[in-house]
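Participant: Next up is a structure, given as structure tokens.
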Amino acid sequence: MEVLRLVLSVLSVFVALISDRFVSSFSQAVDSDYTFTLPAGRKECFYQTMMRNASMEIEYQVLDGAGLDVDFHITSPSGHQLFSDYHKSDGVHTVEIVENGDYMFCFDNTFSTVSEKLVFFELILDNMEREEEDWHNYIEGTDKLDMKLEDIMDTINNVKARLGKSVHIQNLLRAFEARDRNIQESNFDTVNFWSVFNVIIMMLVSSVQVYLVRSLFEDKRKIRT
């Protein structure tokens, strides 16, 4: 009976860990990524609510658009400008949160009157989890287990952190690939346009030359007749 009670206690802990109240204890970081179109002459701002002692990392890239550049600003809840980039194609900024509130980060394309920009950015929030509940209150007899539940939780957290890092790297590589593909397609269209334009000019020049040469050797006696 003692062994059965121990097994049931362990199973109840795993069920509790899977439930919503324990999901936050495994959340080392919250990652999210977005891609949006920034029209010409427009400024787009986003807001993120943060708590003190947390951190926020923002990485952005301009994937498409003339110049592949944009202005970027991060503003604290009190209105202080923390970071600013001007006419840059990419950037990474980490903000250590010292005050509670909504942090604003903006992408500015007002300097461009013609070209819209395709912007990708990734937001990584650290230390955003709620206060962990003490799972020791839900079980008894854990000292009899060969593997402690702390070891299991550490292993799960390490796996989750590495998977999150892999997702982060894959998102960055996908953004780089999209930007390179857009550049290649733009260069391809530019080369084709100017190639066709040059061919048309060469044909016109050749036609004019042929007409002039023929007019020089034309029999003027036939014209008089």
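Participant: Given the structure, is VAL92 outside any helix (DSSP H, G or I), touching a helix residue (DSSP H, G or I) at 6+ places or on another chain (Cβ under 9 Å) and surrounded by fewer than 19 Cβ atoms within 10 Å (Cβ to Cβ)?
Facilitator: So VAL92 fails the test.
Participant: OK, next. Among the residues of the range 55-76, count how many are open to solvent by less than 50 Å² (accessible area, probe 1.4 Å) and free of Cβ contacts under 8 Å to residues at least 60 places away in the same chain.
Facilitator: 9
Participant: Examine the range 126-140 for a residue that is in contact with a strand residue (DSSP E or B) (Cβ under 9 Å, 6 or more places away or on another chain), closer than 19 Å to SER76 by Cα and modelled with pLDDT of 80 or more, and state whether such a residue exists.
Facilitator: Within the range 126-140, one or more residues are in contact with a strand residue (DSSP E or B) (Cβ under 9 Å, 6 or more places away or on another chain), closer than 19 Å to SER76 by Cα and modelled with pLDDT of 80 or more.
Participant: Restricting the search to the range 151-168, which residues are open to solvent by 50 Å² or more (accessible area, probe 1.4 Å) and under 13 Å from SER32 (Cα atoms)?
Facilitator: Answer for the range 151-168, where residues must be open to solvent by 50 Å² or more (accessible area, probe 1.4 Å) and under 13 Å from SER32 (Cα atoms): LYS165, VAL167.
Participant: Still on this model: Being under 20 Å from the mean Cα position of the chain (by Cα), at pLDDT 80 or above and either in a helix (DSSP H, G or I) or under 28 Å from LYS117 (Cβ atoms) (or both) is true for just one of GLU185, GLU177. Which residue is that?
Facilitator: GLU177
Participant: Residue check: is ASP33 open to solvent by 40 Å² or more (accessible area, probe 1.4 Å), over 30 Å from THR190 (Cα atoms), within 16 Å of the chain's Cα centre (by Cα) and of a type outside the set (Gly, Ala, Ser)?
Facilitator: Criteria met by ASP33.
Participant: Of the residues PHE121, PHE193, which is part of a helix (DSSP H, G or I) and modelled with pLDDT of 80 or more?
Facilitator: Checking each option against the conditions leaves just PHE193.
The values are calculated or read from the model by the stated rules, or taken from the named source; none is laboratory data. The shown structure was predicted, so the numbers you read here are calculated from the model rather than taken from an experiment. Quick reminder, even Gly has a Cβ in these numbers, built from the backbone with ideal geometry, and neighbours come from all protein chains shown. In case anyone asks, the SASA skips ligands and DNA or RNA and just uses the protein heavy atoms, side chains included. Shrake-Rupley method; radii C 1.70, N 1.55, O 1.52, S 1.80 Å.
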